[in-house]
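> My structure is below; once you've seen it, I'll send some questions.
The values are calculated or read from the model by the stated rules, or taken from the named source; none is laboratory data. These figures come from a predicted structure and were not determined experimentally. Note: ideal-geometry Cβ built from the backbone for every residue, glycine included; neighbour counts use all protein chains shown.
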Amino acid sequence: MTAKNAARDLLVLAELAKRVKAADIVVRQRYAEATDAGDRSVWAVGPDRTQVGVVQQVAGSVRARVSDPRALMAWVRTHRPDEIVAEPTIRASYLTVLLEAAKAAGESVDPATGEPGVPGIVVDTGPPSVRVVPAKGCAALIDEEFRAGRLAVPASVLPTDPVPAVDAEPADPNPPTA
């Protein structure tokens, strides 16, 4: 595969992923509206009703989080002052200075003197990555290329034994069961 073909496929996949994500949100919402917590839907296919999978509406989990740290601290200070601990921390702005100086130097350094060897800081480089940046109007161009027959869905996302596409969706002989 050439870099040009790989770039084409990455742009097409990025657009398809965006559409699949949007469709997934809509269909999940429809399922949630049509069911109650605990409801299950099984999708089975074929004459032997082989189960493809299950979709279930699960009740939300109970969570607790701090919404107002200052208000909580005031309450604890009044009701349980023995539960307050003072731990020394590095001021966030100075930590930023240390980290930025280390990135610029390629190693940990004292930002005031440039002397290397500040303990507790390491500099490393992450692995390279591939960035996909669709141009404005990318979706319309991809649609046009598909309609004109000049573009196919990358084979890596197709079933291993693809069936030719049809214009209308056939009636599902094995609809999901609730």
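> As an exercise: evaluate Lys18 against (1) surrounded by 12 or more Cβ atoms within 10 Å (Cβ to Cβ); (2) modelled with pLDDT under 90 and give the number of the one condition it does not meet.
Every listed condition holds for Lys18 apart from (2).
> Touching a helix residue (DSSP H, G or I) at 6+ places or on another chain (Cβ under 7 Å) and either touching a residue at least 12 places away in the same chain (Cβ under 8 Å) or part of a helix (DSSP H, G or I) (or both), is that true of Val12?
yes
For every residue, the table says whether it meets (1) more than 30 Å from Ile142 (Cβ to Cβ); (2) of a type outside the set (D, E, K, R).
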site	(1), (2)
Arg19	no, no
Val26	no, yes
Arg30	no, no
Val42	yes, yes
Val45	yes, yes
Arg49	yes, no
Gln57	yes, yes
Ser61	yes, yes
Val66	yes, yes
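> Restricting to the stretch 28-71, and then to whatever is of a type in the set (A, V, I, L, M, F, W, C) and within 30 Å of Ile84 (Cβ to Cβ), can you tell me which residue is modelled with the lowest pLDDT?
Per the stated criteria, the residue is Val62.
Listed here are the residues, each with its yes/no results for (1) under 33 Å from the mean Cα position of the chain (by Cα); (2) modelled with pLDDT under 95; (3) outside any strand (DSSP E or B); (4) of a type in the set (D, E, K, R).
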site	(1), (2), (3), (4)
Pro88	no, yes, yes, no
Tyr94	yes, no, yes, no
Ala104	yes, no, yes, no
Gly120	yes, no, yes, no
Ala135	yes, yes, yes, no
Ala139	yes, yes, yes, no
Leu151	yes, yes, yes, no
Pro159	yes, yes, yes, no
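> Shifting gears a bit: Please list, ordered by first then second residue, the pairs with beta carbon atoms under 8 Å, 6 or more apart or interchain, first in the stretch 99-115 and of a type in the set (Lys, Arg), second in a loop (DSSP other than H, G, I, E, B).
These pairs meet every condition: Lys103/Val123.
> Report every pair of residues separated by at least 6 positions or lying on different chains whose Cβ atoms are under 9 Å apart, first residue within the stretch 45-60 and among the hydroxyl-bearing types (Ser, Thr, Tyr), second in a strand (DSSP E or B).
Final answer for the pair search is Thr50/Ala44.
> If you scan the stretch 28-57, which residues turn out to be assigned to a helix (DSSP H, G or I) and either loosely packed, with under 11 Cβ neighbours inside 10 Å or not hydrophobic (A, V, I, L, M, F, W, C) (or both)?
Within the stretch 28-57, Arg28, Gln29, Arg30, Tyr31, Glu33 meet the criteria.
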